[in-house]
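The values are calculated or read from the model by the stated rules, or taken from the named source; none is laboratory data. Since the structure is predicted, the reported quantities are computational estimates derived from the model, not experimental observations. Cβ placement follows ideal geometry from the backbone for every residue including glycine, while neighbour counts extend to all protein chains displayed.
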Amino acid sequence: MKLLVPVKRVIDYNVKPRVKADGTGVDLANVKMSMNPFDEIAVEEAIRLKEKGLATEIVAVSIGPAKAQETLRTALAMGADRAILVQTDADVEPLAVAKLLQKIVEEEQPQLVILGKQAIDDDSNQTGQMLGALLGWGQGTFASKVEVDGQAVSVTREVDGGLETVKLNLPAIVTTDLRLNEPRYASLPNIMKAKSKLLAQKTPEDYGVDIAPRLSILKVVEPSKRQAGVKVGSVDELIDKLRETGVVG
Amino acid sequence: MKTLVWVEHEEGQLKDATLSAVTAASKLGEVHLLVAGQNVGDVGAQAAKIAGVGKVHVADDAAFAHGLAENVAPLIAGLMDHHDAFLAPSTTTGKNIAPRVAALLDVMQISDILSVESDDTFTRPIYAGNAIATVKSSDSKKVITVRGTAFEKAAAEGGSAQVEAVSGTGDKGLSSFVGQEVAHSERPELTSANIIVSGGRALGSSEQFHALIDPLADKLGAAVGASRAAVDAGYAPNDYQVGQTGKIVAPGIYIAIGISGAIQHLAGMKDSKVIVAINKDEDAPIFQVADIGLVGDLFKIVPELTEKL
Ligand SMILES: Cc1cc2nc3c(=O)[nH]c(=O)nc-3n(C[C@H](O)[C@H](O)[C@H](O)COP(=O)(O)OP(=O)(O)OC[C@H]3O[C@@H](n4cnc5c(N)ncnc54)[C@H](O)[C@@H]3O)c2cc1C
Ligand SMILES: Nc1ncnc2c1ncn2[C@@H]1O[C@H](COP(=O)(O)O)[C@@H](O)[C@H]1O
């Protein structure tokens, strides 16, 4: 069974994003970039399926600028077998990402595509579900447990009320939630080995997909700041302040 | 413009999240609702009472039980022949279904909107709420998820909409529901509670989490939340998580206990009216957003607070 894992290069989750003064976006110049944390979890899950003998090959894909090669090398160093970069400097929206992935799925014929549930830059939470619709496959979103058996996969999902388990026919889509696993760090020898793994370079035109955006961003602003508060010195003072709010009786 | 709003329901009860989505939809035009599920006649009747609703479509079919996106999305896409916008609350159900609908319609979804600026222009948070983008959609139909805390709830009573049965394309045979583990609690629901007591990694264990946080929450009639660290460590169940990837809350009072205030946590609670922080580290980032801060050991402070309230 072949696995496809889409990984996105995003601002590192430890960096506090700064809105550009001209209101056109977030300043990414000289900012640390990393693999989207949910995608690390997706790569890890794929590797575990391969280690269990349930998968034979892991293909990592990224759609983004030339620098997204670094992200793909990270996936290869973790344990993916080969990689595809669909190179573009444009901001590609989830719908267009899903269309590109659809073409790659048609070429590669994976049985399972494991994506992150959400990219931490656009916070869209769309791509996996969209890909499921385009392919006509089942989707197990926000997964905290994935069990492949034979022709099906059971996915335990983190939902608002707790947990829910669904069973999907293969091929299928899974999107990862935070508690699915803890991603490994790539070891130095594996980082060296990853340098010689295959990384194919493509463009959106190669797949004949129109990536023109449907949403235009008119402006980007900082959210309103909270007023500085007060520090109290004791529990009694805290209770007085709480009562002043009128919410606590 | 005619809108179609996804009605969130559970065990025969319409969920509050629907009411905020109705308010957002009413800013776009005429509001129609969709109730999909099995034996959902009662929910349809409740939905018809929501103020300002023009029509309720009820799709009652075993294939729609548990809201499986594979079956529900084609139903919605079909109904969109006669509607201009589909809106779902940003719940796990809404987030699961809406993008599938959007792709079927070849539309780029607008996720988690905070406001409706015009028919085609909306604001939404990006980068864990560290930036707010104003986006304009060029798609002829709109598919939108709605952040519940950003819109007033429509009145649950007062309407008398017409109810109409609709049928979909049934079971696509791609997926099936196996089971669920849903915790039932006497406490208010996290996303609609007026007071939330939230615990972090500092609680140290599940026993201590429950021994300290629960009695305080009970005293205040509050819901209980948690940071990701507390959930990952098993001190609290996953559905307690507040933050960028958990629940978004905006209660009257949010009390963060032993939570450092990582940006991903703040993303979920910084629109609370009053934020209270209890933390032994006076430089913890949570104090930068807290209205009322108390520096000290939570294991001393929390029991004293619970007792004196
Ligand atoms: C992609 C991604 C998504 C994420 N999504 C979320 C999310 O949705 N929600 C979320 O919460 N996190 C999320 N996180 C995790 C987030 O980055 C932080 O790791 C997490 O919020 C930390 O939880 P904490 O504040 O409980 O723990 P810590 O950061 O360890 O803080 C514990 C705090 O307790 C204080 N303390 C310790 N002992 C005591 C004591 N005795 N008395 C009083 N105070 C004490 C310490 O001073 C410290 O400030 C996400 C991370 C990533 C990468
Ligand atoms: N440009 C991209 N390249 C590769 N994968 C992507 C890209 N954009 C989104 N994805 C995948 O889709 C998931 C969800 O992203 P989003 O829908 O943008 O929140 C991510 O976690 C990735 O797995």
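Numbers below:
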read-out: Any chance B:Asn194 is free of Cβ contacts under 8 Å to residues at least 12 places away in the same chain and within 18 Å of the chain's Cα centre (by Cα); value: no
read-out: Residue check for B:Glu30: of a type in the set (D, E, K, R), in contact (Cβ under 8 Å) with a residue 24 or more places away in the chain and surrounded by 23 or more Cβ atoms within 10 Å (Cβ to Cβ); value: no
read-out: Scope segment B:262-300; condition without any contact (Cβ under 8 Å) to a residue 24 or more places away in the chain and more than 28 Å from the chain's Cα centre (by Cα); matching residues; value: B:Asp281, B:Glu282, B:Asp283, B:Leu294, B:Val295, B:Gly296, B:Asp297, B:Lys300
read-out: Matching entry among A:Ile58, A:Ile47 (being within 14 Å of ligand 2 (Cβ to nearest atom) and either modelled with pLDDT of 95 or more or surrounded by fewer than 24 Cβ atoms within 10 Å (Cβ to Cβ) (or both)); value: A:Ile58
read-out: Scope segment B:122-147; condition facing chain A (nearest Cβ under 7 Å), more than 29 Å from A:Tyr13 (Cβ to Cβ) and among the polar types (S, T, N, Q); matching residues; value: B:Ser138
read-out: Failed criterion for A:Ile47 (all others in (1) closer than 30 Å to A:Gly208 by Cα; (2) touching a helix residue (DSSP H, G or I) at 6+ places or on another chain (Cβ under 9 Å); (3) among the aliphatic types (A, V, I, L, M); (4) not in a strand (DSSP E or B) hold); value: (1)
read-out: Failed item in (1) within 16 Å of ligand 1 (Cβ to nearest atom); (2) in contact (Cβ under 8 Å) with a residue 60 or more places away in the chain; (3) in contact with an Asp or Glu (Cβ under 9 Å, 6 or more places away or on another chain), with A:Thr175 passing the rest; value: (3)
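Every residue, every condition in (1) over 30 Å from A:Leu170 (Cα atoms); (2) over 20 Å from the mean Cα position of the chain (by Cα); (3) at pLDDT 95 or above; (4) within 14 Å of chain A (Cβ to nearest Cβ), yes or no:
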position: B:His9; (1), (2), (3), (4): no, no, yes, yes
position: B:Thr18; (1), (2), (3), (4): yes, no, yes, yes
position: B:Ala21; (1), (2), (3), (4): yes, no, yes, no
position: B:Ala48; (1), (2), (3), (4): yes, yes, yes, no
position: B:Gly52; (1), (2), (3), (4): yes, yes, yes, no
position: B:His57; (1), (2), (3), (4): yes, yes, yes, no
position: B:Val72; (1), (2), (3), (4): no, no, yes, yes
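For (1) among the polar types (S, T, N, Q); (2) under 27 Å from B:Ala133 (Cα atoms); (3) away from ligand 1 (no atom under 16 Å from the Cβ), each residue gets a yes or a no:
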{"position": "A:Lys2", "(1), (2), (3)": "no, no, yes"}
{"position": "A:Val5", "(1), (2), (3)": "no, no, yes"}
{"position": "A:Val19", "(1), (2), (3)": "no, yes, yes"}
{"position": "A:Leu28", "(1), (2), (3)": "no, yes, yes"}
{"position": "A:Ser34", "(1), (2), (3)": "yes, yes, no"}
{"position": "A:Leu54", "(1), (2), (3)": "no, no, yes"}
{"position": "A:Gln87", "(1), (2), (3)": "yes, yes, yes"}
{"position": "A:Pro94", "(1), (2), (3)": "no, yes, yes"}
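Let's see how each residue does on (1) modelled with pLDDT under 95; (2) crowded, with 21+ Cβ neighbours inside 10 Å; (3) out of contact with any strand residue (DSSP E or B) (no Cβ under 9 Å at 6 or more places or on another chain):
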| site | (1), (2), (3) |
| --- | --- |
| A:Gln151 | yes, no, no |
| A:Thr156 | no, yes, no |
| A:Leu163 | no, no, no |
| A:Met192 | no, no, yes |
| A:Lys202 | no, no, no |
| A:Ala212 | no, no, yes |
